[in-house]
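Below: one structure, written as C-alpha cells.
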2 protein chains.
Amino acid sequence: MALSELIRTIQPLDERAMEQAQNRQNRLTKPPGSLGRLEALSIQVAGITGQMPPQVSQKVVFVMAGDHGVTEEGVSAYPSEVTAQMVLNFLRGGAAINVLARHVGAKVVVVDMGVKGSLDAQPNLISAKIAPGTQNIVKGAAMSREQALLAIQRGAALAEAEIRAGAQMLATGDMGIGNTTPSAAIAAALSGKPPALCVGRGTGVDEKGLERKIAAVERALTVNQPNPDDGLDVLAKVGGFEIGGLVGVILAGAAYRKPVVVDGFISTAAAMIAVRLAPLARHYLIASHRSKEQGHTLMLDWLGLEPVFDLEMRLGEGTGAALAMSVVEAACKILAEMATFDEAGVSEKI
Amino acid sequence: MALSELIRTIQPLDERAMEQAQNRQNRLTKPPGSLGRLEALSIQVAGITGQMPPQVSQKVVFVMAGDHGVTEEGVSAYPSEVTAQMVLNFLRGGAAINVLARHVGAKVVVVDMGVKGSLDAQPNLISAKIAPGTQNIVKGAAMSREQALLAIQRGAALAEAEIRAGAQMLATGDMGIGNTTPSAAIAAALSGKPPALCVGRGTGVDEKGLERKIAAVERALTVNQPNPDDGLDVLAKVGGFEIGGLVGVILAGAAYRKPVVVDGFISTAAAMIAVRLAPLARHYLIASHRSKEQGHTLMLDWLGLEPVFDLEMRLGEGTGAALAMSVVEAACKILAEMATFDEAGVSEKI
C-alpha cells in the first residue's frame, strides 16, 4: 500500500464493540471497575479490533535495526559494531527480547533496516536495508525523503505480511547504537520542547557524553530545520532507518485494526512520527512502559498515552512491549473467559 | 511445624547467590542496569532461593476465603453470601483469578478458612475452616488467640504441602465480603496511623458506607486494644480467618526459601502480621501491585516494599499477584537464558 492509502485506511475505533466490552465488564463477577487498567485495555482492544471478545493471542515483536552517522559525535557508550553483533545475538536467541518474547509466547521478527556494513545472509534475518547507516544529522539530513518513505513502506509491508499470516497483536522494538540521539531530536522537533529536556543517557553515557548528545541534537535541529508539521520531513532529516520501519509497522497495525504495543524511547519516537502522519493511529497504540530514559515521559504526554507499567527499564529491543503484550492478552482473556453474575449465580451489589 | 519453629527457621537471604546473580546481570548482553526492576527482582529471588539461576516456574496462588461478623455494621457493598458464591465460582474456573492464573500458568488452591454456613464438600475445595465467620470486631475480638494460631498453622501446612509437591513460587489471594475492614484495622493497629487514612471504599461503598467503615475500625481498636507489638494479638482481635491463613502461607514460604508474591490490600495486611511475627520474612516478599484501595500505600511503606506495577486494580483474589508472578518468572529467565557479552561476541562499553 502507498503511504497515503495506508493513512486513509486508518479509521476511528469501533464504538459499538467498545460499548459491548464495557457492558460485559460490568456484568462479570467482580465489582465494576475493580480490574482497573485491565478493563480499560480490554475495551480499547475491542474498539481496535472490532471484535468482542477480541482475539490477540498471535503476537509478533518487530525488532528493527539500523546504524547512525551521528555516532561519530561520541553520543553513545558502545561502538557502532554492536548493532550488527546484537542482530546476530537476536538471531541466536540470546538477547533479552528473545527471552521475554519466548516467555510471553510472541514471535520475534528481526529486520535489518540499515545496519552498517553487510550482515551475511542469515536464516531468519529479514533484509530491508535502505542504506548502511544514516548520515550524521549534525551535518545534514539523516536520509533523503525518498529513503524515509521507503523505510516506512518496507516496515508496513513486513507488518502486513505478518498480519496476513495471522498476527493479531504487534509490538515494536529497536536496535541501533546511537539511536537515542535521533529519537530525542524527533521528540524535540515534534513537541517543540528544548533538546536538553528530550535527551537522556541512553545506554549509559557520562556527564560529558550527555553534553555532547544535547549539543548534537541542538545542532541537528539548527542545521536541518525539520518541519514539525511534516512527519516525513522530521524522519528524513533527524530520524533513522529502523525508526522509519517502526513507523510503517505502527501505521499498518492501525490500518489493519491490530493493537500496536509500543516499547520505550526509540519506539515512542516512531509513534510520534506515525501519529503526526496519521492522527487516528494514536488510538491503536498501547504504551507498554515508562522508560527510565529522560524525555520519554514528555513523548508519552505529547501522544496522550499512559504506559501499562514502570519497571525502570531502558533497554529497547521491544523488551517492555513484550511484557506488556502479555498484560494486554490477559485483559482480553478476562472478557472472554470470566463468568457473569448471572452465569455464576453470584449476588449483585446491595 | 509449630509457629515458633516456623519463625526460627526463617533465615536471611543468601548473599552469595545474590552476588552471583548481580555479577551475571552485569555480564549479560545489555547495558548494566538497563532491565531495571527485572534485574533487582532476579537478584532478590536468587537470594531467596539460594539458587543461581533461581527456578520459579512451578507457581501456586492460594485463594483463602472467610466471612466477617463486622458486615452487620454495613461496611460492604455486597452481601455476605457472596463469599461462598465466589468460592464456587473459583472452583468452576469462572473468576478473574482463574483466568489470570491460567494465563500465567499458575495453580489455584482454594481454601475455606472460615466461610459462613456450610459449603458442601466440593472437589478441589480445601476445607480448613476455623469457624463459620469471625465475630463482629466492633463488639469484641474477631476470634480467640487459639483460633488465630490455628489459622496460621493451617495456612502454613497447606503451603508446606504445595512446596513438598513442587511449588517454587507462592502468591497470596483472598475472598471475604467485608475483609477490607479488618485489613484496615490491622494496618491502623500495626502502623499507628489514624483509621481514616487506612480505610478505603473496598468493593465500592458510598460516602455513608465509608464513614461507617471508619467508625467501625475506630470502635474495633478502642474496644479490643490490640497490642501492636504482638502480631498474633492483632490478628485475633481485629483480623480474619483467611488473613490468618495467608500469614501462614507467607511464613511457610519464607521458611522454605520460596518467593511469596503478595496481592493487594488484604494480602498486605496479612504480610504486615507475618513481618511483625517474623521480621526476616519481609525479604521473601514481593509486592505485586499498588491497589487503588486507600491505605494500601501506607501498608507498603510500613513494609518497605515497592510494588511491581500499578494497574489501578482493587479486586483481590490474588489477581495482581498472579500477573506479577509472570514478571518475576521473566526476571529469573533473564538470568538463566540470556547470553553474556563473551558468549555472544558482543563488544563492551567504550
Exercise. Before we move on, is B:Thr181 under 12 Å from B:Gly244 (Cα atoms) and either touching a Pro at 6+ places or on another chain (Cβ under 9 Å) or more than 14 Å from chain A (Cβ to nearest Cβ) (or both)?
Worked result: no
Exercise. When you go through A:Leu251, A:Leu305 one by one, which is the residue that is modelled with pLDDT of 95 or more, at negative phi and either of a type in the set (Lys, Arg) or more than 12 Å from the chain's Cα centre (by Cα) (or both)?
Worked result: A:Leu305
Problem set entry | Members of segment A:316-339 found to be in a helix (DSSP H, G or I), facing chain B (nearest Cβ under 9 Å), within 30 Å of B:Pro32 (Cβ to Cβ) and in contact with a Gly (Cβ under 9 Å, 6 or more places away or on another chain), listed by number | A:Thr319, A:Ala322, A:Ser326
For this session: Mind listing just one residue for me: the one in segment A:271-311 that is part of a loop (DSSP other than H, G, I, E, B) and touching a strand residue (DSSP E or B) at 6+ places or on another chain (Cβ under 9 Å) and, of those, farthest from the other protein chains (Cβ to nearest Cβ)?
Result: A:Leu305
Exercise. How do the strands (runs of 3 or more DSSP E) wholly within segment B:92-189 filter down when requiring 2 or more residues that are open to solvent by less than 10 Å² (accessible area, probe 1.4 Å): which remain?
Worked result: B:106-114, B:169-175
For this session: Would you confirm whether any residue within segment A:247-256 is assigned to a helix (DSSP H, G or I), of a type in the set (Ser, Thr, Tyr) and either more than 9 Å from chain B (Cβ to nearest Cβ) or open to solvent by 10 Å² or more (accessible area, probe 1.4 Å) (or both)?
Result: no
Problem set entry | Looking only at segment A:206-246, and only at residues there that are of a type in the set (Gly, Ala, Ser) and more than 30 Å from A:Ala167 (Cα to Cα), the one that is surrounded by the most Cβ atoms within 10 Å (Cβ to Cβ) | A:Ala220
Exercise. Which residues, taken from segment A:16-36, are crowded, with 22+ Cβ neighbours inside 10 Å and either in contact (Cβ under 8 Å) with a residue 24 or more places away in the chain or away from every other protein chain (no Cβ under 12 Å) (or both)?
Worked result: A:Ala21, A:Gln25, A:Leu28, A:Thr29, A:Lys30, A:Leu35
For this session: Using the structure shown, decide if B:Ala128 is facing chain A (nearest Cβ under 10 Å), modelled with pLDDT of 95 or more and under 27 Å from B:Leu251 (Cβ atoms).
Result: no
Exercise. Can you tell me how many residues in segment A:216-254 are of a type in the set (Gly, Ala, Ser) and in contact with a Phe, Trp or Tyr (Cβ under 9 Å, 6 or more places away or on another chain)?
Worked result: 3
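The values are calculated or read from the model by the stated rules, or taken from the named source; none is laboratory data. Worth saying up front: this structure is predicted, and the values here are computed from it rather than measured. Glycine also receives a Cβ, built like all others from the backbone with ideal geometry; neighbour counts cover every protein chain displayed. Areas reflect the complete protein model, heavy atoms only, side chains present, ligands, DNA and RNA absent. Shrake-Rupley method; radii C 1.70, N 1.55, O 1.52, S 1.80 Å.
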